[in-house]
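J.: The structure is given below, and queries will be raised subsequently.
The values are calculated or read from the model by the stated rules, or taken from the named source; none is laboratory data. Small disclaimer: the values here were computed from a predicted structure and weren't measured. Every residue, glycine among them, receives a Cβ derived from its backbone with ideal geometry; neighbour counts consider all protein chains shown. Protein only, heavy atoms only, side chains kept; ligands, DNA and RNA dropped before computing areas. Shrake-Rupley method; radii C 1.70, N 1.55, O 1.52, S 1.80 Å.
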Amino acid sequence: PTIRVPEAVLRAPASESNLLKRMTTNVANGVIPDGILVVEPNAMRTSFAIEVLSFCVRAHLYRMKSFLLKSRALGSVLKLLQPQQSSDRCLKLAALRFLRTILSVNDEFYHRHIIQHDLFAPVFEAFRANPVGDNLVSSAIVEMCDYIRTENIKSLIEYIVMKHLLLKEDGGLSLEDVSSPYVTTLTTLRKAYEKNEGQ
């Protein structure tokens, strides 16, 4: 259960509220009670900046394409998916929404950029790190793969299957094996690749 703090307490100066004093002291000491979600201010600002980039990709197709391809901003944003960069789930989801927005433009220049710089590597690293089936991050990645399969983006299907799907990690499990008890999206993605190759 999520604990809601009365708005009057949050708006009161910290010196007037004993509850707010205790909460800030606990958070400063690393003691966070169950049900309270704490988001760092830097994570919040970064998340908003990524959302603005996503909006610009949709609203300014040509200018943003030029900017993103020259600056390699997509690669920088996707680094937030790596555990050593950030443990904040909101940031990871913002990075995935940004990639999903770029995919929805359906521009072959973006597809080549993603393939050339292997930008799905941090995506699938995050997929392996998060439990499949009960996690927003893994669900967002599965939805993205389903979109690529549904739209039949052949270059990305081939890249994902050849570079990531067939690759087995140290434990001997491929991405398809990791996801199979819960979802069949990666299996259908591989089948779509085999179908495209057979044509």
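J.: Answer with one residue from ASN106, VAL52, VAL178: the one whose Cα lies farthest towards the positive end of the charge dipole of the stretch 41-199, charges on Cβ with Lys, Arg +1 and Asp, Glu -1.
T.: VAL52
J.: In addition: Quick one: net charge around VAL123, please, counting Lys, Arg +1 and Asp, Glu -1 for every other residue with C-beta under 13 Å from its C-beta.
T.: Net charge around VAL123: +3.
J.: Using θ = phi - 60° and the Karplus relation 6.51 cos²θ - 1.76 cosθ + 1.60, list the HN-Hα couplings for the stretch 142-158 in order, rounded to whole Hz, with x at every Gly or Pro.
T.: Running phi through 6.51 cos²θ - 1.76 cosθ + 1.60 with θ = phi - 60° gives 4, 4, 5, 5, 5, 4, 4, 5, 4, 7, 6, 7, 4, 5, 6, 4, 4 Hz.
J.: What does the accessible area per residue of the stretch 111-199 come to in Å², with a 1.4 Å probe and no ligands, DNA or RNA counted?
T.: Per residue, the stretch 111-199 has 51 Å² of solvent-accessible surface.
J.: Whenever you get a sec, compute what percent of the accessible area on the stretch 88-157 sits on carbon and sulfur atoms (1.4 Å probe).
T.: Heavy-atom surface of the stretch 88-157 belonging to carbon and sulfur, 1.4 Å probe: 50 percent.
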